[in-house]
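The values are calculated or read from the model by the stated rules, or taken from the named source; none is laboratory data. As the structure is a prediction and not an experimental result, all values here were calculated from the model. Heads up, the Cβs are rebuilt from the backbone with ideal geometry, glycines too, and the neighbour counts pull from every protein chain shown. Areas reflect the complete protein model, heavy atoms only, side chains present, ligands, DNA and RNA absent. Shrake-Rupley method; radii C 1.70, N 1.55, O 1.52, S 1.80 Å.
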Protein chains: 2
Amino acid sequence: MPKIEMLSANKSFGGWHKQYQHQSTALDGTARFAIYLPPQASANHKVPVLYWLSGLTCTDENFMQKAGAQRIAAELGIAIVAPDTSPRGEQVADDPGYDLGQGAGFYVNATQAPWHKHYRMYDYVLDELPSLIEATFPVSAQRAISGHSMGGHGALVLALRNPERYRSVSAFSPISNPVNVPWGRKAFAAYLGTQTADWAQYDASLLMQQAQQRVPALVDQGKADPFLSEQLIPAALSDAARASDYPLQLNLHEGYDHSYYFIASFIEQHLRFHAEHLAR
Amino acid sequence: MPKIEMLSANKSFGGWHKQYQHQSTALDGTARFAIYLPPQASANHKVPVLYWLSGLTCTDENFMQKAGAQRIAAELGIAIVAPDTSPRGEQVADDPGYDLGQGAGFYVNATQAPWHKHYRMYDYVLDELPSLIEATFPVSAQRAISGHSMGGHGALVLALRNPERYRSVSAFSPISNPVNVPWGRKAFAAYLGTQTADWAQYDASLLMQQAQQRVPALVDQGKADPFLSEQLIPAALSDAARASDYPLQLNLHEGYDHSYYFIASFIEQHLRFHAEHLAR
């Protein structure tokens, strides 16, 4: 069993919010995550898990502090796990930009120097973290995944490439077609190199267009999001869904922006969507 | 009309969270506040207002980002106004401690140098801010007040001294008897001077003990709060309520701490409590 250390614990809606750090093999260093365990979770009653992937500049804390998800998770009996958004530490490569390096792992396995040593968030979120969670806490292997912005991209990519691992996927304001937008092109060039053919495996729209197996997908997007037309381009995702007849529900919302005020407004619908699929 | 400048706006649960700054007479400088306007608020439909006072180190942002109150305010049709916790700026006196000076106004009118020039949060929250709010936004003069820790102290003191101004008062983890605890004694000595008789007007337990008019009061306190026995001492408040037969409901909660995870868990009950009294 890997060593795991609790950093904090707060009672929340009858359950517990806790932060942990542990030695990660995938990230070759210390990794941090937060977990919300609903009151129903016990040795005799394992609960399903929603993995939440946050966006650029975030840590394990943003979602847990700002989304207001614990109330609904406590009602539905779902655990929530929020990893950090990249490897961290002095020995980990970084970049002065907020959209590359620490806080901006993009949920890929980097192949290029200096990133390839630690930046393996794809493997971490797909395998190492769930293995640790399922060995440590009273949770089942029923998994759903969701995220925001860069994390919405990560959630969609993980579910589309691993439909057997997740019952459902959702996203708020995802970077829907990273190979065609500045955030994605900058990060993928750095982490994956200039061979753009290597980028397709991390592009939700390209993956959805060719999807064979289907994980039910829910996406919410604010129409007043300042990143909508330059970075997020959800039309690429809905076009892909139409082309492959993919079960995607995409909701556009008048007036909402890119902030956690938007996420908090609609997180209840996402949790109920996942609960429905996790119960099957 | 005083000049008022909008700093940000985010749609939230069908209403709007907005941040403003304005020139404050009471604080002799620029002051900042946040307001949540529920979807019901319009020129033809004025909504009541809950004033929220935050604790040490906080700004107008903590409650709005972390409490999850907008969902319930939107359902109930209540606006929420959250001022900053002190005057701010380079010209404003400060102290290296987190519990004195900027971020720690304690909702008093300071009488001592160097604090007396700007530190007049009592007047600001009681008079200037509501006047500005009621002249600027589609809200009624029906007011309730609540707060956390130092802000719970502030809310109780304001309501106990001005029962005609508030329909109801509530607090999370308030500094219940500041004249008898280190946080209160340090701040009151600095702001009000060493004549401890001058402190009583800002002590909720002393005020409640002698209260003539009654504002219905609800207080929630976590039993795992690390500040419980040294700084908060809610027993002083319940003793005072017993002595004056004051309508105080004090709930103690096993396992909960001093954080916003505690506030978020019980904010719904507070908003419903205030809605009931605001509707009368």
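Given the condition within 14 Å of another protein chain (Cβ to nearest Cβ) and more than 29 Å from residue B:173 (Cβ to Cβ), answer yes or no: does some residue in region B:39-46 qualify?
Residues of region B:39-46 that are within 14 Å of another protein chain (Cβ to nearest Cβ), as a first pass: B:39.
Right, trim to more than 29 Å from residue B:173 (Cβ to Cβ) and you get B:39.
Within region B:39-46 (the criterion being within 14 Å of another protein chain (Cβ to nearest Cβ) and more than 29 Å from residue B:173 (Cβ to Cβ)), the answer is yes, since at least one residue qualifies.
Anything in region B:254-280 that is more than 17 Å from residue B:163 (Cα to Cα) and touching a Lys or Arg at 6+ places or on another chain (Cβ under 6 Å)? List them, or say none.
Answer for region B:254-280, where residues must be more than 17 Å from residue B:163 (Cα to Cα) and touching a Lys or Arg at 6+ places or on another chain (Cβ under 6 Å): B:254, B:255, B:256, B:260.
Here is a check on your reading of the model: is residue B:185 surrounded by fewer than 24 Cβ atoms within 10 Å (Cβ to Cβ), within 25 Å of residue B:270 (Cβ to Cβ) and free of Cβ contacts under 8 Å to residues at least 60 places away in the same chain?
Here the answer is no, as residue B:185 does not meet what is asked.
Of the numbered conditions (1) within 14 Å of another protein chain (Cβ to nearest Cβ); (2) modelled with pLDDT under 95, residue A:65 fails exactly one; give the number of that condition.
(2)
Just to be sure I understand, how many residues within region A:171-213 are of a type in the set (Gly, Ala, Ser) and more than 28 Å from residue A:272 (Cα to Cα)?
Total meeting the criteria: 7.
Restricting to region B:104-125, name every residue that is surrounded by fewer than 19 Cβ atoms within 10 Å (Cβ to Cβ), assigned to a loop (DSSP other than H, G, I, E, B) and not basic (Lys, Arg).
B:111, B:112, B:113, B:114, B:116, listed by residue number.
In region A:139-159, is there at least one residue being farther than 19 Å from residue A:106 by Cβ, part of a loop (DSSP other than H, G, I, E, B) and either modelled with pLDDT under 95 or open to solvent by 20 Å² or more (accessible area, probe 1.4 Å) (or both)?
no
Any residue at all in region A:115-126 that is closer than 23 Å to residue A:168 by Cβ and aromatic (Phe, Trp, Tyr)?
Checked region A:115-126: at least one residue is closer than 23 Å to residue A:168 by Cβ and aromatic (Phe, Trp, Tyr).
Could you grab the pairs with beta carbons closer than 7 Å, sequence gap of 6+ or different chains, first residue in region B:214-243 and in contact (Cβ under 8 Å) with a residue 24 or more places away in the chain, second one part of a loop (DSSP other than H, G, I, E, B) and β-branched (Val, Ile, Thr)?
Close Cβ pairs satisfying both conditions: B:230/B:181; B:231/B:175; B:231/B:181; B:232/B:175; B:233/B:181.
Any residue at all in region B:54-77 that is in a strand (DSSP E or B) and crowded, with 20+ Cβ neighbours inside 10 Å? Let's see the steps before the verdict.
Residues of region B:54-77 that are in a strand (DSSP E or B), as a first pass: none.
Looking through region B:54-77, none of the residues is in a strand (DSSP E or B) and crowded, with 20+ Cβ neighbours inside 10 Å.
Looking at B:269, B:195, B:213, which is the one that is farther than 18 Å from residue B:153 by Cβ and modelled with pLDDT under 95? If you could, list the steps in order and put the result at the bottom.
Working: B:269 fails: modelled with pLDDT under 95; B:195 fails: modelled with pLDDT under 95.
The unique qualifying residue is B:213.
In region B:78-103, how many residues are open to solvent by less than 40 Å² (accessible area, probe 1.4 Å) and touching a Ser or Thr at 6+ places or on another chain (Cβ under 6 Å)?
Initial filter on region B:78-103 (open to solvent by less than 40 Å² (accessible area, probe 1.4 Å)): B:78-87, B:89, B:92-93, B:97, B:99-101, B:103.
Subset that is touching a Ser or Thr at 6+ places or on another chain (Cβ under 6 Å): B:84-85, B:103.
Qualifying residue count for the region: 3.
Grab the helices (runs of 4 or more DSSP H) fully contained in region A:198-280, keeping just those with 3 or more residues being crowded, with 20+ Cβ neighbours inside 10 Å and within 14 Å of another protein chain (Cβ to nearest Cβ).
A:260-278
Would a scan of region A:49-59 turn up a residue that is out of contact with any Cys (no Cβ under 7 Å at 6 or more places or on another chain) and within 14 Å of chain B (Cβ to nearest Cβ)?
yes
Going through region B:167-182 one residue at a time, which ones are open to solvent by 10 Å² or more (accessible area, probe 1.4 Å) and more than 15 Å from residue B:205 (Cα to Cα)? Quick ask: steps written out before the conclusion?
Narrowing region B:167-182 to residues open to solvent by 10 Å² or more (accessible area, probe 1.4 Å): B:167, B:177, B:179-180, B:182.
Passing the criteria: B:167, B:182.
Assess whether residue A:32 counts as being open to solvent by 10 Å² or more (accessible area, probe 1.4 Å), part of a strand (DSSP E or B) and under 24 Å from residue A:169 (Cα atoms).
Here the answer is yes, as residue A:32 does meet what is asked.
So is residue B:3 at pLDDT below 95 and either crowded, with 18+ Cβ neighbours inside 10 Å or farther than 14 Å from residue B:130 by Cα (or both) or not?
In short, yes.
Is it the case that residue B:9 is at pLDDT 95 or above, part of a strand (DSSP E or B) and of a type in the set (Gly, Ala, Ser)?
yes
Take the residues of region A:28-38 that are touching a residue at least 60 places away in the same chain (Cβ under 8 Å) and in contact with a Gly (Cβ under 6 Å, 6 or more places away or on another chain): which is nearest to the other protein chains (Cβ to nearest Cβ)?
Checking each candidate, the answer is A:37.
Would you point out the residue of region A:12-27, among those that are assigned to a strand (DSSP E or B) and open to solvent by less than 40 Å² (accessible area, probe 1.4 Å), that is nearest to the other protein chains (Cβ to nearest Cβ)?
Within region A:12-27, the match that is nearest to the other protein chains (Cβ to nearest Cβ) is A:12.
Checking the structure you have, find out if any residue of region B:166-183 is part of a loop (DSSP other than H, G, I, E, B), over 16 Å from residue B:54 (Cα atoms), basic (Lys, Arg) and in contact with a helix residue (DSSP H, G or I) (Cβ under 7 Å, 6 or more places away or on another chain).
Of the residues in region B:166-183, the ones part of a loop (DSSP other than H, G, I, E, B) are B:166-167, B:173-177, B:181.
Keeping just the survivors that are over 16 Å from residue B:54 (Cα atoms) gives B:166-167, B:177, B:181.
When the remaining residues are screened for being basic (Lys, Arg), the result is B:167.
Now narrow it down to the ones that are in contact with a helix residue (DSSP H, G or I) (Cβ under 7 Å, 6 or more places away or on another chain): B:167.
Scanning region B:166-183 turns up at least one residue that is part of a loop (DSSP other than H, G, I, E, B), over 16 Å from residue B:54 (Cα atoms), basic (Lys, Arg) and in contact with a helix residue (DSSP H, G or I) (Cβ under 7 Å, 6 or more places away or on another chain).
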